[in-house]
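Comments concern the structure below.
The values are calculated or read from the model by the stated rules, or taken from the named source; none is laboratory data. Predicted model only: the values in this text are computed from it and were never measured. Every residue, glycine as well, gets a Cβ built from its backbone with ideal geometry; the counts of neighbours run over all protein chains shown.
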């Protein structure tokens with residue numbers, strides 16, 4: 001990891017931006033502007049928190065039992081699944097959801113724009129990925145724009161000549177009042193793979209509500225989704241491009257109780273609505289080409 005003092009010296013100071021070192025040496029960028037507060041971890045290249053100043057409650061969720069350990073994904077905010085979503089298709093001993101969320105990223109730039117937003121660019125370059133998947137031919141970039149909305153763009157660049165395939169996802173955890181108060185809209189009439197029921201193919205007939213474990217992947221789906229939260233009297237919008245899949249997940253009590261970084265209570269205040277390219281919706285990327293996966297998160301009154 002790059003020492004905190006070296007990062008601060010290289011980047012200089014930006015109003016509303018500071019750096020914090022967590023136990024274990026992980027570096028977090030903290031943002032506090034008139035528009036929003038947020039934080040990003042260089043470990044995992046991960047947005048951990050985001051809360052517009054118009055909101056009394058956070059928009060992104062972080063587990064009260066979150067663990068900041070090397071080799072373990074951080075259960076908070078927006079973990080990046082890449083270069084595979086879910087289990088590796090061939091290697092059982094490879095980490096679930098890929099390497100990006102358990103790898104240390106580098107800061108490319110931090111800019112404060114005239115509109116009051118903060119733009120942060122992170123990267124995994126050739127040397128970071130050399131032993132991970134495709135040798136030294138692929139790089140990964142993350143651009144995050146923090147303001148009254150949250151704009152996240154993940155770019156995969158194939159710098160070699162050979163075609164590559166990958167899956168990916170922004171595994172976003174949203175804070176909700178209580179899972180019983182929540183519906184996810186925008187997927188009505190869409191087909192999905194039901195991960196809870198032996199991967200059966202089903203059709204979503206109405207808005208998604210939650211009365212137990214839910215794990216669904218909607219393929220060939222480009223919809224904007226809305227999380228309607230009666231308890232917090234707000235709607236969270238997830239508008240995406242470059243993403244062919246949508247996943248919706250809440251583990252329910254039985255599964256959550258077995259997870260040491262979630263526990264028997266945390267699941268009630270979170271829901272995952274993930275923009276992805278998953279399962280058969282893989283990305284095929286020709287040599288010297290790039291793919292952009294872009295999501296805008298926004299909040300409005302109910």
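So which of 256, 207 is touching a strand residue (DSSP E or B) at 6+ places or on another chain (Cβ under 7 Å), surrounded by 13 or more Cβ atoms within 10 Å (Cβ to Cβ) and free of Cβ contacts under 8 Å to residues at least 60 places away in the same chain? Step through it out loud before you land on a result.
Working: 256 fails: touching a strand residue (DSSP E or B) at 6+ places or on another chain (Cβ under 7 Å).
The conditions single out 207.
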Identify all residues within segment 227-243 that are out of contact with any helix residue (DSSP H, G or I) (no Cβ under 8 Å at 6 or more places or on another chain), surrounded by fewer than 20 Cβ atoms within 10 Å (Cβ to Cβ) and without any contact (Cβ under 8 Å) to a residue 60 or more places away in the chain; write none if there are none.
239, 241, 242
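Residue check: is residue 49 surrounded by fewer than 23 Cβ atoms within 10 Å (Cβ to Cβ), in a strand (DSSP E or B) and touching a residue at least 12 places away in the same chain (Cβ under 8 Å)? Spell out the reasoning first.
Details: surrounded by fewer than 23 Cβ atoms within 10 Å (Cβ to Cβ): yes; in a strand (DSSP E or B): yes; touching a residue at least 12 places away in the same chain (Cβ under 8 Å): yes.
The answer is yes for residue 49.
Go through 243, 237, 290 for me and flag whichever is under 25 Å from residue 157 (Cα atoms), at pLDDT 95 or above and under 17 Å from the mean Cα position of the chain (by Cα).
Numbers: 237 fails: under 25 Å from residue 157 (Cα atoms); 290 fails: under 17 Å from the mean Cα position of the chain (by Cα).
Of the residues listed, the single one that is under 25 Å from residue 157 (Cα atoms), at pLDDT 95 or above and under 17 Å from the mean Cα position of the chain (by Cα) is 243.
Tell me which residues, restricted to segment 212-239, are assigned to a strand (DSSP E or B) and either out of contact with any strand residue (DSSP E or B) (no Cβ under 7 Å at 6 or more places or on another chain) or over 30 Å from residue 265 (Cβ atoms) (or both). Outline the logic, then answer.
Restricting attention to segment 212-239, the residues satisfying the condition of being assigned to a strand (DSSP E or B) are 214-218, 225-229, 234-239.
Hit for segment 212-239 is 239, nothing else.
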For segment 270-285, name all the residues that are touching a strand residue (DSSP E or B) at 6+ places or on another chain (Cβ under 7 Å) and assigned to a loop (DSSP other than H, G, I, E, B).
278, 279, 281, 282
Just checking, how many residues over segment 87-110 are farther than 18 Å from residue 167 by Cα, assigned to a strand (DSSP E or B) and under 15 Å from the mean Cα position of the chain (by Cα)?
0
Would you check if there is a residue in segment 24-34 being part of a loop (DSSP other than H, G, I, E, B) and in contact with a strand residue (DSSP E or B) (Cβ under 7 Å, 6 or more places away or on another chain)?
yes
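Collect the residues in segment 95-114 that are on the phi < 0 side of the Ramachandran plot and surrounded by 15 or more Cβ atoms within 10 Å (Cβ to Cβ), keeping them in residue-number order. Before the answer, list the steps.
Here is the first cut: in segment 95-114, the residues on the phi < 0 side of the Ramachandran plot are 95-96, 99-114.
Within segment 95-114, 95, 99, 100, 101, 102, 103, 104, 105, 106, 107, 110, 112 meet the criteria.
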I'm told residue 267 meets every condition in (1) in a loop (DSSP other than H, G, I, E, B); (2) crowded, with 18+ Cβ neighbours inside 10 Å; (3) in contact with a helix residue (DSSP H, G or I) (Cβ under 9 Å, 6 or more places away or on another chain) except one. Can you identify the failing condition by its number?
(1)
